[in-house]
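Step one of this worksheet: look at the structure below.
Just so you know, all these numbers are worked out from the coordinates, no wet-lab data involved. Small disclaimer: the values here were computed from a predicted structure and weren't measured. FYI the Cβ positions are ideal-geometry reconstructions off the backbone, even for glycines, and counts take in every protein chain you see.
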Amino acid sequence: MKTYSNTGNKDTRSGFGAGLTVLGQTNENVVALCADLIGSLKMDDFKKNHPERFFQVGIAEANMMGIAAGLTIGGKIPFTGTFANFSTGRVYDQIRQSIAYSDKNVKICASHAGLTLGEDGATHQILEDIGLMKMLPGMTVINTCDYNQTKAATIAIAEHHGPVYLRFGRPAVPNFTPENQVFEIGKAIKLTEGNDVTIVATGHLVWEALEAAKSLHEAGITAEVINIHTIKPLDGEAILKSVRKTGCIVTAEEHNYLGGLGESVSRVLVENHPIPQEFVATKDTFGESGTPEQLMEKYGLNSAAIIEAVKKVIKRK
């Protein structure tokens with residue numbers, strides 16, 4: 001079984017900051033906007049080196065989206081930055097009307113997504129943002145798994161024309177994907193080969209899926225792990241190729257099981273190749289305060305939960 005090494009825990013939001021730094025040096029049309037969270041979004045370096053291309057909007061997220069939409073008319077490529085909750089729920093009307101409906105080339109970059117925001121609690125955590133954004137026509141939705149992939153994705157979306165939602169997180173997590181990777185929007189990445197079950201994971205759950213696959217392998221179960229970094233457009237071809245071999249699937253995400261990756265996968269399966277599926281996700285609930293590790297364990301978003309789901313889905317084959 002192929003194994004992956006953690007080169008050191010790093011937060012994915014820093015990957016975004018590093019990608020934005022590269023874009024500042026290589027793409028003069030890239031501009032950045034922030035809603036009073038420069039440090040949290042790791043936008044300091046871009047602001048320092050390109051002050052004429054940085055806009056501090058303050059605690060006015062709806063206004064930030066409107067300004068970003070307007071900047072595209074002049075050929076600029078705006079990257080907006082704030083927490084995922086404020087990037088989506090607070091400004092959904094502005095995104096729908098001014099960005100998505102008009103097909104504006106805005107990159108909505110959202111940090112502190114999911115339960116792993118931790119101690120700030122339910123009012124700042126968001127577990128429904130993927131659903132909100134993937135339902136908007138023309139919106140690309142990306143949820144990266146580690147620092148390296150977040151940096152690569154940040155650079156890549158500048159070359160993609162159209163609105164993008166880029167989701168990443170606050171805590172330091174294992175950094176295990178290649179340092180100089182080329183990020184391809186809409187192209188899933190098969191991480192391990194397996195014949196017994198397909199595990200499709202996104203974001204922070206990708207590393208947990210790899211850890212689960214390692215334990216399952218020791219128990220005689222081979223799992224094919226696929227990193228779905230792009231939830232829309234979804235790489236249905238990669239999913240179908242795998243499940244036609246394994247005959248069952250587990251989807252894993254730090255998001256509500258209603259409206260997230262799991263439901264997108266279900267649509268692909270029911271339309272093409274119906275098989276048993278189990279969901280590792282939050283079950284129609286808000287979060288609460290706690291450390292990221294405590295919350296991931298309580299809400300069943302870790303390798304142990306994935307192993308349990310695998311054993312359950314295999315019995316349903």
I want the local charge near T285. Using Cβ-Cβ distances under 11 Å, sum +1 for each Lys or Arg and -1 for each Asp or Glu among the other residues.
-1
Would you mind ranking T246, T123, T222 so that the residue whose beta carbon has the fewest other beta carbons within 10 Å leads the list?
T123, T222, T246
For the residues I307, I99, I67, what sequence is obtained by ranking on other C-beta atoms within 10 Å, fewest first?
I67, I307, I99
In 10 Å bins starting at zero, report the fraction of Cα pairs in the range 116-169 per bin as a rounded %.
22, 44, 30, 4
Range of Cα positions in the range 10-173 per principal axis (Å), largest first:
40, 32, 26
Among A32, A18, A156, residue whose mean-square fluctuation peaks in a GNM of the chain (springs only between Cα atoms under 10 Å)
A156
Three principal axis lengths of the range 189-315 [C-alpha, angstrom, descending]
41, 33, 25
Picking from N143, N29, S102, whose Cα lies most toward the positive end of the charge dipole for the range 10-173 (charges on Cβ: Lys, Arg +1; Asp, Glu -1)?
N29
K190: which aspartates and glutamates have alpha carbons under 18 Å from its alpha carbon, excluding same-chain residues fewer than 8 sequence positions away?
D146, E179, E208, E211, E224, D235, E237, E253
Cut-off 10 angstrom, C-alpha nodes, Gaussian network model of the chain. Which of L205, L269, L301 fluctuates the most?
L269
Say the dipole of the chain comes from +1 at the beta carbon of Lys and Arg and -1 at that of Asp and Glu; which of A188, A84, F46 then lies farthest toward its positive end?
A188
Identify which of M65, M296, M135 has the largest mean-square fluctuation in a Gaussian network model of the chain, with springs joining Cα atoms closer than 10 Å.
M135
Calculated SAXS-style log₁₀ I(q)/I(0) at q = 0.09, 0.11, 0.12, 0.14 Å⁻¹ - the chain, Debye, Cα scatterers
-0.42, -0.62, -0.74, -1.00
Subset of K42/K232; K214/K311; K187/K311; K48/K134; K107/K134 violating a 22 Å alpha-carbon distance limit:
K42/K232; K187/K311; K48/K134
Only four residue types carry charge here, +1 at the Cβ of Lys and Arg and -1 at the Cβ of Asp and Glu. Report the dipole size of the chain about the Cα centre in Debye, rounded to the nearest 20.
540 debye
quick note, the chain, DSSP beta bridge pairs, % antiparallel (nearest 5) is 15 percent
DSSP beta bridges in the range 189-315: the antiparallel percent, rounded to 5, is 10 percent
Mind checking which of G131, T12, I275 is farthest towards the positive end of the chain's charge dipole, using Cβ charges of +1 (Lys, Arg) and -1 (Asp, Glu) about the Cα centre?
I275
